[in-house]
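The values are calculated or read from the model by the stated rules, or taken from the named source; none is laboratory data. A quick note: this is a predicted structure, and the numbers were derived from the prediction, not measured. Note that we place each Cβ from the backbone using ideal geometry, even for glycine, and neighbour counts take in every protein chain shown. Each accessible area value is taken on the protein alone, full model and side chains, heavy atoms only, with ligands, DNA and RNA left out. Shrake-Rupley method; radii C 1.70, N 1.55, O 1.52, S 1.80 Å.
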Amino acid sequence: MIAGLVAILDGHAAELTETISQISRIPGVVPGDINDSARRLPVMIDSPDPDSLEIITRRLQQIPGVAFVDVVFIHFEDESARIPETQSGKPTSL
Amino acid sequence: MSRDSESLSGSLQRREFIKASAMAAATAVAGGTSVALPILADESATGVDWQKAPCRFCGTGCHVQVGVQQGKVVAIAGDRNAEVNKGLLCVKGYHVGAALYGQDRLTKPLLRDGDSYREISWDEAIGTIADRIQAAPDRFAFYGSGQWTIPEGYAAQKFMKGGLSNNHIDPNARLCMASAVTGFLATYGVDEPAGCYDDLDACDVLIMWGNNPAEMHPVLFSRVIDRRSRGEKVTLIDIGTRRTRTTEACQHYLEMKGHGDLAIANGIAHLLIKNGTWSRKFVDSFCSFKAPDDANPNLHGKAISFDEYKVLLEPYTPEHVESLSGVPADQIRMLADLFGNPELKITSLWCMGMNQHTRGTAINTMVHGIHLLSGHFGTPGNAPTSLTGQPSACGTVREVGTLSHTLPGGMVVADAEHRKMAEDIWRVPAGRINETPGHHTVKMWESFCTPTSQGGDISTIWVQVTNPGQTLPNLNKLFNPKGDSKAGLEDKFLIVSDVYPTATTRLADLILPSAMWVEKNGMVGNSERRTQQWFKMVDPPGEARDDCWQTIAVAHELFKRGVDGMKDRDGQFLFEVRGADGAAVPIWEWEHYYDINVDEHLFEEYRKFTRFKHKDLAPYGEYVKARGLRWPVVETNGQWRETQFRFAEGFDPYVAAGKEIQFYHSSTHDDRAQIWFHPWIAPAEVPDKDYPLMLCTGRVLEHWHSGSMTRRIPELSRAMPGAYAELHPDDAAAYGLRNGDRINMESRRGSLMIPVWIDGRGKPPRGTVFVPFFDETLLINDLTLDAVDPFSKQPDYKKAAVRISKVPS
């Protein structure tokens, strides 16, 4: 599953490098070039499955200096067939 | 190179291409450039066809680009041409496409057969519904939602009020934003916000009244956070009953007791007058004053003078407000100082906190009142704006008027002139529309769950696109009565159209499989008056079919049987649609439903209603071209122009030149808005020695509403697998509880065993407990209160007295 995100950074300028460095150390995450004035960092995530993508996104959100994470692009072609049913609510005859 | 390695190489190249596209998309949105995204531009390289649609989930109205390949949705991108989200999506965007593909989609009509169900044909299903309606048309009710598309809601509305002369139609939106409606009506004489999301780009102060947009409307919240990250000064204030993720980003957090908002609003107004910082010019020019008419309670109250208003506010000193609300007096003064500063631009946002409130109408009018009294209204950044939780709570419920007392376009059934206008547009005989409002949601379900012999006057309900078996208040009273009081309900019959099995389908006698989102054409209206359109992109699974088709098919079955209500003045079918050749298209037959664009036909008819209250909509084709347009949309020099700010000269085409501000639907017919006084009143139920804690219910980031879609997304379910009770650590210690311990939570209406979460995501203060309602296996609405606001009839899900005890391990 591949995603493109935008991380909004709100730390001091001096902390920006460290924030981006921490982001780049997350496996599967590739930061792009930051727009200095806007402090919006493009990020690409290549994850083996949707679960990992969710976990990576949460880690991203928890890094000091990251104010918010928005999603821009998601490709889930390979994963959509693997979604299982839930156990609840099914009519009793089925 | 072998075929396998060629294939692998091709696959890797494709993956690299998608990765490059993901980064290009993120870079383009982050930089605000206008370069086309490669993956969206190059269908030949990927085989993916991209089309626009609004997101399926909340009422923000983000636009997405939906990528379809071989009949299946495979990718989603934020739509950079969309003003609402400018290419951004919240993390639910990860799942909006996958929500279509849960493996337990309903695919066949199912009829209850004893304790189980048997598959039946659509013909039998449609015939069964027609039988029930024909046998007792006045005992039939239709229950929908703000997830009905505009054409779906319009068809249901016309079928009931214009066909069956039956006003027992109501939506689940009664449970989430009815008090916002009555608040707007009581203040401005017409529903829906004057401002829009552009206010978030212009405001200096953003006040969230019982609202958690960081989790519930993240794209809107991110818009403000983004401004702050760019160095702009924006003061964020959270007024709430528990700390949330929104609180973390705010400079000020004002923690209040339930109904404290009533006192806070009065405290601000008190200080504005006492300090002389209210806007005399704005008030003298554009406002009048109102107070409740206790002798004759009604939505429009009684007129009072400014001096009477001032006297009524006198008791609400900061110290008195502190005693009522729990918010320190200095923070009340801080709010009043902000509102008293004409240089600041102030936007207020609210959602369920102010609406799910037994004084919901009152607090809505009071927040409008503070903005009016201080003159923080009518310029960009100065607006009181309510948000909605469903994609078309505004477009379908409030504008099409699927409430039990309304007609399309802001008209009401009780008004003879309105009925005549509707009968003329629908071309039905005079007198067809019933003048008596139908049952509102709570009353509708009480009547359905009460034996006919005891006065339960609803015997059949058809539910579409909602899940009342999980979301109605005080569920036990409805569906699990004590003793043998369920006896006598044998003649009741519940029909449920849905996409997945839910807590409601479990109660159903007949289950109909529905198409969802891009499996059908659609139009919706978001929280800022923006009407949006999309086309069907993929087929629904199995025999699932459009809700709108289901309604029309039943209507035609009744027409075939000679039911007069399904005929217009000329004896033609109520939903007759003619093609370009003038011949009627049999849209009641599924195989012909998409021979013509039924949505367009219904929308163009509905559009005639929208001019009455200056909620003008453009022709269907304009919405095909746009990422939504905000009404009123008025044609000027051949161009259809939307309206950002209502009632403001220079923005709203209906404001006369030189007026500056004109409330042209004023209830006092003098172009003035009403500034209301309401007294502080305690919640309908408060903690006592038997039930010492206050329960608040709500939503969580991972799950949308009752979870019927998002609980089918494994990663969301794993992230938030079940409901929990949030407690303050001191309360937990007092009860000897640790994280994960199970408690028995009881109210006067029901009980629930549920795990506790201490110091979790939300942090309730001492004496309170929070439980989300998304989990159908832990029905918190067994415990909630069904007391309603006297005008909006909306229940209060935020305040119920409970007690807890530890369940021995």
Please list, ordered by chain and number, the residues whose modelled amide H lies under 5 Å from the amide H of B:Asn166; skip anything fewer than 5 residues away on the same chain.
B:Lys161, B:Asn434
For B:Lys257, which aspartates and glutamates qualify as cross-link partners when the Cα separation must be under 12 Å and same-chain residues fewer than eight apart are set aside?
B:Glu322
Modelled label-to-label distance, B:Met753 and B:Arg15, 7 Å Cα→beta-carbon offset: nm?
4.6
5 Å is the cut-off here: which amide hydrogens, built 1.01 Å from N in the peptide plane, fall below it relative to B:Leu629, excluding neighbours closer than 5 in sequence?
B:Thr531
Residue-wise HN-Hα coupling along the range B:97-102, computed from phi with Karplus coefficients 6.51, -1.76, 1.60 (Hz; x: Gly, Pro)
x, 5, 4, 6, 10, x
What number comes out for accessible area per residue over the range B:149-279 if the probe is 1.4 Å? Units Å², please.
20
Filtered GluC sites (Glu not before Pro), the range B:255-349: DSSP coil and at most 14 other beta carbons within 10 Å
B:Glu343
Quick note, chain B: a/c under 1.5 would make it rounded; otherwise a/b > b/c is prolate and the rest oblate (a ≥ b ≥ c, C-alpha gyration tensor); here it is rounded
Give, as a single signed number, the net charge of other residues whose beta carbon lies under 12 Å from the beta carbon of B:Leu695, with Lys and Arg counted +1 and Asp and Glu -1.
+1
Mind checking the per residue accessible area of the range B:690-768 for me, 1.4 Å probe, whole number of Å²?
35
Considering only Cα-Cα distances, which of the following residue pairs are longer than 31 Å: B:Lys72/B:Lys492; B:Lys92/B:Lys689; B:Lys290/B:Lys345?
B:Lys72/B:Lys492; B:Lys92/B:Lys689
How many Å² of accessible surface get buried when B and A come together, counting both sides, probe radius 1.4 Å, rounded to the nearest 100?
5100
What is the calculated FRET efficiency for B:Tyr735 to B:Arg761, with r their C-beta to C-beta distance and R₀ = 30 Å, to the nearest 0.05?
0.90
Using only helices, what value at 222 nm comes out for chain B when you add -39,500 (n - 2.57) per DSSP H run of length 4 or more and divide by the total residues, to the nearest 500 deg cm²/dmol?
-8000 deg cm²/dmol
At 0.36 nm per residue, and after removing the present C-alpha to C-alpha distance, how many nm does the segment from B:Glu319 to B:Glu604 gain when stretched out fully?
97.0 nm
Using a ≥ b ≥ c from the Cα gyration tensor of the range B:349-396 (square roots of the eigenvalues), is it rounded, prolate or oblate, where a/c under 1.5 gives rounded and otherwise the larger of a/b and b/c decides, a/b for prolate?
oblate
From the phi angles alone, apply the Karplus equation (6.51, -1.76, 1.60; θ = phi - 60°) to the range B:577-588 and give each ³J(HN,Hα) in whole Hz, x where the residue is Gly or Pro.
10, 10, x, 4, 8, x, 8, 5, 9, x, 5, 6
Tell me the per residue accessible area of the range B:290-425 using a 1.4 Å probe; a whole number in Å² is fine.
31
Within 10 Å of each Cβ of B:83-90, how many other protein chain Cβ atoms are there on average?
4
Placed amide H near B:Thr406: partners under 5 Å, 5+ positions off or other chain
B:Val413
Separation between the B:Ile681 and A:Asp51 pseudo-spin-labels, each 7 Å from Cα along Cα→Cβ, expressed in nm?
5.1
Can you work out the FRET efficiency for the pair B:Asp581 and B:Gln51, with r the C-beta to C-beta distance and R0 = 25 Å, to the nearest 0.05?
0.35
Please report the carbon-and-sulfur percent of the accessible area for the range B:331-462; probe 1.4 Å, protein heavy atoms only, DNA, RNA and ligands left out.
51
Express the carbon and sulfur contribution to the solvent-accessible surface of the range B:514-657 as a percent, rounded to the nearest whole number, probe 1.4 angstrom.
45
Sort the protein assembly as shown into rounded, prolate or oblate with this rule: let a ≥ b ≥ c be the square roots of the eigenvalues of the Cα gyration tensor; rounded if a/c is under 1.5, and if a/c is not under 1.5, prolate when a/b is larger than b/c, oblate otherwise.
rounded
Give me the percent relative contact order of chain B, please, defined on Cα pairs under 8 angstrom at least 6 residues apart.
18
In the range B:139-278, carbon and sulfur make up what percent of the accessible area (probe 1.4 Å)?
46
Taking a spot 7 Å from the Cα of B:Arg230 along the direction of its beta carbon, which residues of the range B:47-64 have an amide N less than 11 Å from it?
none
Rough spin-label spacing in nm, given labels placed 7 Å along Cα→Cβ, for B:Glu591 and B:Asp424:
4.2
Based on the Cβ-Cβ distance from B:Ala656 to B:Phe535, what FRET efficiency comes out when R0 is 41 Å, to the nearest 0.05?
0.55
